[in-house]
Amino acid sequence: MRRGPQVALVLGLLCIYLAQANFAPHFFDNGVGSTNGNMALFSLPEDTPVGSHVYTLNGTDPEGDPISYHISFDPSTRSVFSVDPNFGNITLVEELDREREDEIEAIISISDGLNLVAEKVVIVVTDANDEAPRFLQEPYNILVPENTPAGSSIFKVQAEDKDTGSGGSVTYFLQSLHSSKFTVDRHSGVLRLQAGATLDYEKSRAHFITVVAKDGGGRLRGADVVFSATTTVTINVEDVQDTAPIFVGTPYYGYVYEDTLPGSEVLTVVAIDGDRGKPNHILYRLLNESDGLFEINETSGAISVLQSPAQLRREVYELHVQVTEVNSSGSPAAQSTVPVIIRIVDLNNHPPTFYGESGPQNKFELSMFEHPPQGEILRGLKITVNDSDQGANAKFNLRLVGPGGIFRVVPQTVLNEAQVTIIVENSAAIDFEKSKSLTFKLLAIEVNTPEKFSSTADIVIQLLDTNDNVPKFTSHYYIARIPENVPGGSNVVAVTAVDPDTGPWGKVQYSIYGTGSDLHEHECTSVHEFLCFLLPMSCSFLIHPSTGLIYTQPWASLDAEGTSRYNFYVKAEDMDGRYSLAEVFVTLLDVNDHYPQFVQSVQEKTMVLGTPLKIEATDQDAEEPNNLVDYSITRAEPVNVFDIDAHTGEIRLKNSIRSLEALHNITPSGEYSWSLQVQAKDRGSPSFSTTALLKIDITDTERLSRSSMAAFLIQTKDNPMKAVGVLAGVMAIVVAITVLISTATFWRNKKSNKVLPVRRVLRRRPSPAPHTVRIEWLKFRRAKAASKFILKEDPPNENCNNSRVGVTVPPRAPALPPPPKMASSTVAQQTVPTVSGSLTPQPSQQLPTPKPLGGPAQSSLVSELKQKFEKKSLGNKAYV
């Protein structure tokens, strides 16, 4: 009975405990590759950008209570991630680097507020191709013997890449394959000398090659990238004894002179080891002893003569010198030989020497005028040159040292002795103005001797001046501006000319010519003064003959309105008449010296109501503002009727006056005529003015319309030239129409080749009375008139019908005598129509030629007279 209650008590307590128990939350385990859960087996690339959402913690609580997430790291490590406690989102907050840290340990936890569950996780950092290859043990300086065989391995370069996979594999190649003697193994980095290539210390002591190390590439931040690195390998070539000795200063020539002592050194042969990196010692010896005449120093290579030159029988000796390299062990190595030529010559102990008239001399002086003739000999120089040696030692050349091309020396090659002649080559260069003296050195130098003995003599030529220069103005033209009212004798402008010649030849005299100029100050004779009085325009300016100062004539009166510009030439002349010209331009500045002038001081004008009239005054000044005129009304009767334009001079009625009735109301007398006093004032300083009295008649258009001629006369009253122009225009039109009609008639008659019938002309006669008088006068003078004609055959007319007699243009009639006193007019010369010929008048000197007549009546009379003459001539058989 006791156990039963105890068991019941225990069971009751157990039920209460189970009812009050709270289970802890836990993470979901979603396996590999999942991006949410408990980060089991989670990996992350090292190139993941900072701030990226990389994972989501995910868990649950059995009771469904709210849960929160946390992540923590070891204090000695970086806090790489952060977590959102509510949603479990994990964010990358530090940059990853697999090469420095390939695993990250973190503690993640989940909590429901009462229970906290923590787990330790390891995040694997995967590789990205973010590292470039890096060469080890730089810099690379290697030493390679120059006799290294082609294809040999000479060095190995090594680079590493900390990336894994293809990004960590490294391959090698050279940056410039075509110009290099070397090659590199792609995988091992071993450098080799290319097949067929050799090294030569004497040609190039060092080579520089660039090796590139490149990784296999990989992904970085979503892209395929390849990294590379470069390094320079310096290959120093080591010299090897493979080159024979080299002689310096070849070919070798030596000379033994007649006074050379036995044992004297003739020349030295110099040789060096061709291998310059580690040169061997050099030894010299003669291969042919030359019968004991010469010897050579074993170490220095100096060749000496052992006997006196008098005992040397040949002129030329050829020796052969051999040099041998001795290595460090004392053994002979490479050898070389060279020929040496030794010539036995006489002693050349006398240099060329210059002589004057008194013995040896090294300086010669001469004075001469500038610009001598081309080819002239400088006869004032007495120079002799001599070399006391004999044969080739006495042969030498002569030349002048100094400014080239001016003189030449003759002869140029001398044997023993010669007289020196100097000839002018360039006369223009001998100019006193450029240089007052010329200095040369006469050089004599031996030609075929090894000593090349020489000597010099100074040639000093003092130049004398001649008049060879023309005075030149400092400017081609001179410009001056002066007021027109300057007083006589005022300065205008100064001209300057320079003559480089010296003395009297350099003195310049000035004179002027042309419009606005005439005489020198000291040349104004009485005749010239008279000419200047007659032609004042040609004598406005003078020039001082010495200073070149141009000034106005004392009596000159300049007027800008008459002549505003002068130009003339200035002449600069030296004492020999050599001269040059310059042009002078003088402009007169206008001065206000004219009053405005009206055409008439009292003028009468007619104004049409509503139309302005114009009054005009002119100012004879040459320039503005002196010739600009302003107008004003100074007095009017009555006042307040007219306005005037100040600039144009147009006079108008005031705007308030629009009809004659308004004018009638203003005028007390009721007339339509007014008087004005108009002033014209120029704008000069000081200003001038003048006045004119103007009488104005005013009418309106209604009165003008009653008579067109009256209107025209009224309108042209103020301007008579307008009426003349209109009449001239009408006459010109009439004349033009008459010319056109006459021209058309002439061409029509010419084309028809016919003479108009006489009867047509007779119809136009005004009256028969003059005809009777002219007939009687014609009978009285018929015999004399007929005797003035001769027969002249006409050429056939190709334009007429063959059945008709040809008609040509008739000749002019002879001059008719004066008519009787009862006739009021004379007969003009006219052409006489004929049938088969033409009459040519004989010249007559007794009868005067009458004036031609005009009008239809006179033309008819002339035609009738012509017909009578023709009939009379046919009746008397004047022609066949």
Please check which bits of segment 369-402 a label hung off D468 would reach, taking the label as a point 7 Å along Cα-to-C-beta and the cut-off as backbone N under 11 Å. 369-374
How much accessible area per residue does segment 53-98 have, in Å², with a 1.4 Å probe? 51 Å²
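Determine the share of segment 216-294's accessible area contributed by carbon and sulfur atoms, expressed in whole percent, with a 1.4 angstrom probe. Before the final figure, lay out each step's value.
Numbers: 2190 of 4250 Å².
Percent of accessible area from carbon and sulfur atoms in segment 216-294: 52.
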In Å², nearest 10: area of L415 left accessible to a 1.4 Å probe: 110 Å²
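Sort K654, K363 from largest to smallest accessible area, using a 1.4 Å probe on the heavy atoms of the protein chains.
Values: K654 50, K363 100 Å².
Of K654, K363, the descending order of accessible area is K363, K654.
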Solvent-accessible heavy-atom area per residue, rounded to whole Å², over segment 290-414 at 1.4 Å: 53 Å²
Counting Lys +1, Arg +1, Asp -1, Glu -1, what net charge surrounds I246 among other residues with beta carbon under 12 Å of its beta carbon? -3
In order over segment 223-233: 3J(HN,Hα) from phi, Karplus 6.51/-1.76/1.60, θ = phi - 60°, whole Hz, x for each Gly or Pro, gives 10, 7, 10, 10, 10, 8, 9, 10, 8, 9, 10
Pop the C-beta distance of A195 and N89 into the FRET formula with R0 = 56 Å and round what comes out to the nearest 0.05. 0.30
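Per 0.36 nm of contour for each residue apart, how much would the distance between D259 and D97 grow if the chain were fully extended, relative to their Cα-Cα spacing?
Numbers: separation 162, 0.36 × 162 = 58.32 nm, distance 9.35 nm.
Taking D259 through D97 to full extension adds about 49.0 nm, to one decimal.
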Over the Cα atoms of segment 623-686, how large are the radius of gyration and the largest Cα-Cα distance (Dmax), in Å? 14.8, 46
For T234, T268, T198, write out the residues from largest to smallest accessible area, computed with a 1.4 angstrom probe and no ligands counted. T198, T268, T234
Quote the accessible area belonging to R635 in square angstrom, nearest 10, computed with a 1.4 Å probe and with ligands, DNA and RNA left uncounted. 120 Å²
Cleavage-rule hits, GluC sites (Glu not before Pro), segment 145-238, DSSP coil, Cβ neighbours within 10 Å at most 16: E202
How high is the FRET efficiency from S601 to H371, r the C-beta distance, R0 60 Å, rounded to 0.05? 0.20
Length gained, K695-R578, 0.36 nm per residue minus C-alpha separation, equals 35.1 nm
Between D593 and A736, what is the label-to-label distance in nm when each label sits 7 Å out along the Cα-to-Cβ direction? 4.8 nm
With a Förster radius of 60 Å, plug the Cβ-Cβ distance of T413 and R134 into 1/(1 + (r/R0)^6) and report the FRET value to the nearest 0.05. 0.15
Ranking L92, P49, S82 by how far each Cα lies towards the positive end of the charge dipole of segment 28-94 (+1 on Lys and Arg Cβ, -1 on Asp and Glu Cβ), the top one is P49
Per-residue SASA entry for S304, accessible area with 1.4 Å probe, Å² rounded to 10: 20 Å²
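How much length would be gained if the chain were fully extended between R205 and L306, taking 0.36 nm per residue of separation minus their Cα-Cα distance, in nm to one decimal?
Details: separation 101, 0.36 × 101 = 36.36 nm, distance 4.43 nm.
Using 0.36 nm per residue and subtracting the Cα-Cα distance, I get 31.9 nm.
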Using 7 Å Cα-to-Cβ label points, what is the F173/S358 separation (nm, one decimal)? 9.2 nm
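The values are calculated or read from the model by the stated rules, or taken from the named source; none is laboratory data. Quantities reported herein were computed from a predicted structural model and do not represent experimental measurements. Backbone-built Cβ (ideal geometry, glycine too); neighbour counts: all protein chains shown. SASA here: full protein model, heavy atoms, side chains in, ligands and nucleic acids out. Shrake-Rupley method; radii C 1.70, N 1.55, O 1.52, S 1.80 Å.
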